[in-house]
1. If the Cβ limit is 6 Å and pairs must be 6+ apart or interchain, which residue in segment 18-34 that is within 16 Å of ALA48 (Cα to Cα) pairs with which residue that is among the aromatic types (Phe, Trp, Tyr) and modelled with pLDDT of 90 or more?
2. So, LEU27, is that one assigned to a helix (DSSP H, G or I), of a type in the set (A, V, I, L, M, F, W, C) and either touching a helix residue (DSSP H, G or I) at 6+ places or on another chain (Cβ under 8 Å) or loosely packed, with under 11 Cβ neighbours inside 10 Å (or both) or not?
3. Please go through segment 1-15 and pick out each residue that is among the hydrophobic types (A, V, I, L, M, F, W, C), loosely packed, with under 14 Cβ neighbours inside 10 Å and modelled with pLDDT of 90 or more.
4. Checking the condition modelled with pLDDT under 90, more than 15 Å from the chain's Cα centre (by Cα) and within 29 Å of ALA3 (Cβ to Cβ), which residue from LEU32, LEU40, LEU64 passes?
Amino acid sequence: MSAPQAVAAGLSYNEARTALELSLSELQASDLDVEAMAGLYRRAEAYAERCEQLLNQVEQDVLLWTGNDPKATPAAYAP
């Protein structure tokens with residue numbers, strides 16, 4: 001696990017999304033040298049991956065109960 005991934009791994013969805021937005025803003029607004037830009041890009045990528053990981057986890061956790069039968073087997077949510 002890379003350093004940016006290790007930092008992102010402990011973040012909540014909102015924290016990772018905010019960090020991603022800030023990173024993207026800095027990438028767009030700054031005149032960074034190539035090394036700094038690459039590091040910032042890797043951090044942004046790690047934040048985006050964390051957001052996706054958390055969204056996938058939530059998707060797996062969401063269950064849809066069919067019918068009014070409380071004993072019915074839950075089915076995975078399908079949008």
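The values are calculated or read from the model by the stated rules, or taken from the named source; none is laboratory data. Computed from a prediction, not measured in an experiment: that's the story for all the values here. All Cβ positions, even for glycine, are placed from backbone atoms using ideal geometry, and neighbour counts span all protein chains on display.
1. Pairs that qualify, where the first residue is within 16 Å of ALA48 (Cα to Cα) and the partner is among the aromatic types (Phe, Trp, Tyr) and modelled with pLDDT of 90 or more, are ALA19/TYR47; LEU20/TYR47.
2. yes
3. Within segment 1-15, the first condition is being among the hydrophobic types (A, V, I, L, M, F, W, C), and the residues that meet it are 1, 3, 6-9, 11.
From what is left, the residues that are loosely packed, with under 14 Cβ neighbours inside 10 Å are 1, 3, 6, 9.
Correct list: ALA9 only.
4. Working: LEU40 fails: modelled with pLDDT under 90; LEU64 fails: within 29 Å of ALA3 (Cβ to Cβ).
The match here is LEU32.
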